[in-house]
Structure formats: C-alpha cells, structure tokens
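Just below is one structure, and these are the notes that go with it.
The values are calculated or read from the model by the stated rules, or taken from the named source; none is laboratory data. Predicted model only: the values in this text are computed from it and were never measured. Neighbour counts run over all protein chains shown; Cβ positions are idealised from the backbone, glycine included. These area figures cover heavy atoms from the full protein model, side chains too; ligands, DNA and RNA do not enter into them. Shrake-Rupley method; radii C 1.70, N 1.55, O 1.52, S 1.80 Å.
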Amino acid sequence: MDIKIDMPESVKRIIGTLCENGYSAYAVGGCIRDSIMGRIPSDWDVCTSSLPEETLKALDKPNIIKNGMKHGTVTVRYDGNNYEVTTFRTDGEYLDNRHPENVSFVTDIKDDLSRRDFTVNALAYNDKDGIIDHFDGIGDIRRKMIRCVGDPDKRFSEDGLRIMRALRFASQLGFAIEKNTSDSIHRNAHLLNNISAERLMSELIKLLTGENAEPVLMEYPDVLSVFIPEIRPMIGFEQKNPHHIYDVWTHTVKVITYVEKTKNLRLAALFHDIGKPYAFTLDNKGIGHFKGHPDISERISDRVLKRLKCDNNTIYEVGQLVRLHDTRPPAEPKNVRRLLSKTGVKCFPKLMELKRADAKAQNPTLLKDKLEYIDKLEEIYNSELKSNSAFDLKRLAVNGRDIISLGVTDGRMIGSVLNKLLELVIDGELENNREQLLEAAGRII
Ligand code: ATP
Ligand code: MG
C-alpha cells in the first residue's frame, strides 16, 4: 500500500541523519495513526536502531536533552520543538503493573512495535520504507477499532494504564474497542489501583474531552469506578421525578457530552449530580427529590479531585460550577448580579453552558421553558456587564482609600464597609455612584 505521510522538516532531518549514519529510523506511534486519519499529531516520536550514545553522537548538533537515556530515549530540540528519539526496545518483565524491570535494546523494528499498546499505535514510517505495519494497524484504523497488540490480559497486566488509554483513544478517535480487548478491560479494571493519580487524571481528562466520550462513558463506568468509586451509586439510580427521564449516570453522561469540550466544564458535568443518591427522598406521591444535592456533589468533587492530585484552580472552578448548577433565581438583574458576585465574570457563561446542558439532558417536554429562562439570565448578564453596575469590589465606584479618607483606619473595617456597599448596590438599593456611595458609607460608619 502506498500511503505517504507528511512529516515535519525536523523529523525528516532527524531520520535522514540517522539513516546517513547507517542506522534505521522511523517516525512511530500516534503521529502515524493521526496522519493516516487526517488528524494533526500532538507530537512526533522517532524510533531508531542506534543506541542512545550513538543517537547522541549522530545528532550531536543543536540541542540534546539526555533524560531517559536508560530507557533508550534522547530528546532532541529542533526549531523550538522537542522530539523523542528512542532506541528500538522490548520491555522486560513487569512486576508492578506499570514499569518494566528492565528494557532490552533490539535491532528489529518489529520487536519494538510489538511492545506498543494498540495496533493503531504500532505503526512506523519513513520515506524510504513507507508504512511498517506488522499488526494490521491500518486495518483497525479502517475498522475504527482499538485492539491490543497481542494478548489483552497480558498487556493490561504489564501496564494497567493501558486500560485508561484504550478508553481515551476510543473517545478521542471515535473508535470501538474490539471484543476481546473490551472483555479484558472489564475483567482487569482493578489493575488501575496500581496506577498513579496523576496518570489516571491525565487520561481521564483526555477521555472526558474526547469527541466521542458518550458511548465510552456508558459502557465503562465500572472502570472509572475503580479510581472514582463515588461514581458507582449513580449507575442505574432512578430519579422518579417528572423532570427526568434518565437514571443519574445516563443523565450525567449526556450532560458531559452536551457541554463544550473543555476540561473544567466536562469535570463539572461529571460531578454535578454525584451527590444525588445521598440526597434522595421520596414524597407521599412517590416523587423523588434531591434537596441539597449540589452541596454534597461539590464536597465529593473536591475530595475526588484532591485525591487525583488536581491543581487548585481547577478544583475551585469545578466546585463553583457544581455548587451553583441548580441555582434558579427569578431572572432579575439583582439576582444575576448576586450570582455574578459568586461566579465572577469569567465563570458565569460557563455556568450557563452547564445549566443548558443539564436542561437538555432532562425531560425534553419541559426543555423549551428551561432554555428560555437561561437565555434570559444570560441576556441580563450581558447588559449588566455593559452597564456601570457593580457585582465585585473592582467595579464599585469607591475604594479602600475613599473609606480611609472618611476616617476609618482598621483594615477589616474598611473591608466590611466596602462589602456592605457592594451588597446594597447588588440589591439595587444604591446606585453605583460615587457621591451616593460615600454618603452611604458615612451612614454605615
Ligand atoms: P497522543 O500523543 O495523541 O496522546 P500517542 O499515541 O502519541 O497519543 P503517547 O502517549 O504520545 O501516545 O505515546 C506514543 C506511543 O508510544 C504510542 O502511540 C504507543 O505506540 C506507545 N506507548 C505509549 N504509552 C504506552 C504504554 N503505556 N504501553 C505501550 N505502548 C505505549
Ligand atoms: Mg504522542
């Protein structure tokens, strides 16, 4: 077959130089898969028959970073990009379901491709030899199929992270997971217990923000529940409420796929109703209620994200979105200002995005009214932004110095006067106007 891969100049140069020195070298892995699929590769990796020291010597020009030499990897910096150049290798035994005890360098590329996780990732290419495909990776790209190279049980027990990688590739590429590989994933999901929080989190985000997350999330909640057991009660939890036609997990998955594909919104969607099973009550008409669930969801979201070593900014914003997702004040300027004072200007539209997705994933016969209400909130938000009204201290027409000039010296007192003024402006009892505010400040003091 004649597939031509359009490699970046730097990659051609690296491969060309290694070949001129008598070694064989290929671009390998995800970059070939993505190129064949017409996707833009996130990075280009090179594999070569040269040993790390030989790679260093052959490429010993612009910038070389000598990390990972033990595992055969030399990082080359060309034109502002890093390229990993790794010696053909096979992995020794895995004793901890994660790290090979040792790696052996080999001379045949087939051996190197056989250690790679999935057939679609076990592809290599250079201009001279064309595509190297020993495991029918191209066939699987055509079939849109994630399939382990070799025996799935063995491959997952070597490295449990591959289980999450399978899910995230299925989500990112819109592929199905081949039956044997899929059965093995369900069977071996517990191996994720051996994987570090950081790696799990990074794969989880890629899965959630993938193009095709819905079927993956619907089929593999058992896998996610290994490292987020808090998910388990949502699965199949019937809501018994006229607003809802789906159980909590199905609803959650729909909200995830309806919000835009950004990290915080997708995480917020994942967690927004996670507290529902704990808040469930049934009234005497047999209708289910979930009073207080957003606060419970926020606490769970906080705990899970901390455990997964997520950064604080993410934890904070996701928590805000989760806590406020079900707030439904009458659509009036003062209520929007109050909401804005909690979310901040940047997060408010994200909250509206989450609310829209949440509504779309509920009973469709009630959707129109819900969307109109959210549109109204957003309209008011836009006009508030353009007006001179205030919903944070930055926009308030007086500042700390003004309060000091009225004779207040205590820092905490200054803060509480400003906050009181802001509250009055938010509630519409005062205009955001300097004279009025100074006069009111005098009264408060
Ligand atoms: P992307 O970079 O788009 O996330 P990728 O397929 O390039 O996807 P990387 O994590 O960059 O994934 O890894 C590069 C290649 O290394 C993979 O395509 C695969 O061949 C191999 N690989 C990576 N991680 C593993 C693993 N855990 N087990 C086996 N092979 C792996
Ligand atoms: Mg890559």
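What the table shows:
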quantity: Shape category assigned to the stretch 228-383 from the gyration tensor of Cα positions, a/c cut at 1.5; calculated: oblate
quantity: Cβ-Cβ FRET estimate between residue 232 and residue 375, R0 fixed at 35 Å, reported to 0.05; calculated: 0.45
quantity: Ranked by how many other beta carbons lie within 10 Å on average, peptides 348-354, 2-8 from highest; calculated: 348-354, 2-8
quantity: Extended-chain gain in nm, criterion 0.36 nm per residue less alpha-carbon gap, residue 197 and residue 6; calculated: 65.2 nm
quantity: Surface accessible to a 1.4 Å probe, per residue, for the residues of the stretch 1-80, Å²; calculated: 53
quantity: Accessible solvent surface per residue of the stretch 393-444, calculated while the other protein chains remain in place, 1.4 angstrom probe, Å²; calculated: 62
quantity: Label-point gap, in nm, between residue 110 and residue 144 - each point 7 angstrom along Cα→Cβ; calculated: 3.2
quantity: Histogram of C-alpha separations across the chain, 20 Å bin width, %; calculated: 21, 41, 28, 10, 0
quantity: Rounded, prolate or oblate (a/c below 1.5 giving rounded, otherwise prolate when a/b exceeds b/c) for the stretch 393-444 by Cα gyration tensor; calculated: prolate
quantity: Accessible surface of the chain [probe 1.4 Å, protein heavy atoms]: carbon and sulfur percent; calculated: 48
quantity: Distance in nm between pseudo-label sites at residue 393 and residue 129 (7 Å out along the Cβ direction from Cα); calculated: 6.5
quantity: Mean separation of Cα contacts under 8 Å, 6 or more apart, over the residue count of the stretch 9-139: relative contact order %; calculated: 22
quantity: In Hz, Karplus ³J(HN,Hα) per residue of the stretch 389-396 (6.51, -1.76, 1.60; θ = phi - 60°; x = Gly, Pro); calculated: 6, 10, 9, 8, 5, 4, 8, 5
quantity: Among 203-214, 358-369, the order from most to least packed when residues are scored by Cβ within 10 Å on average; calculated: 203-214, 358-369
quantity: Computed over the chain: relative contact order in percent, which uses C-alpha pairs under 8 Å that are six or more apart; calculated: 8
quantity: Antiparallel %, DSSP beta bridges [both residues in the stretch 9-139], to 5; calculated: 85
quantity: Per-residue ³J(HN,Hα) for the stretch 100-105, Karplus 6.51 cos²θ - 1.76 cosθ + 1.60, θ = phi - 60°, Hz, x for Gly and Pro; calculated: x, 4, 7, 10, 10, 7
quantity: DSSP-defined antiparallel bridges as percent of all bridges, the chain, nearest 5; calculated: 80
quantity: Cα-based helix-to-principal-axis angle, 333-343 vs the chain, degrees rounded to 10; calculated: 40
quantity: Average accessible area per residue (Å²) across the stretch 144-227 - probe 1.4 Å, nucleic acids and ligands excluded; calculated: 36
quantity: Gain in span if fully extended, residue 287 to residue 243, counting 0.36 nm per residue against the direct Cα distance; calculated: 14.8 nm
quantity: Ratio of the Cα radius of gyration of the stretch 144-227 to 2.2 N^0.38 Å, where N counts its residues; calculated: 0.96
quantity: Sorted peptide list for 84-91, 97-104, criterion being average Cβ within 10 angstrom, highest first; calculated: 84-91, 97-104
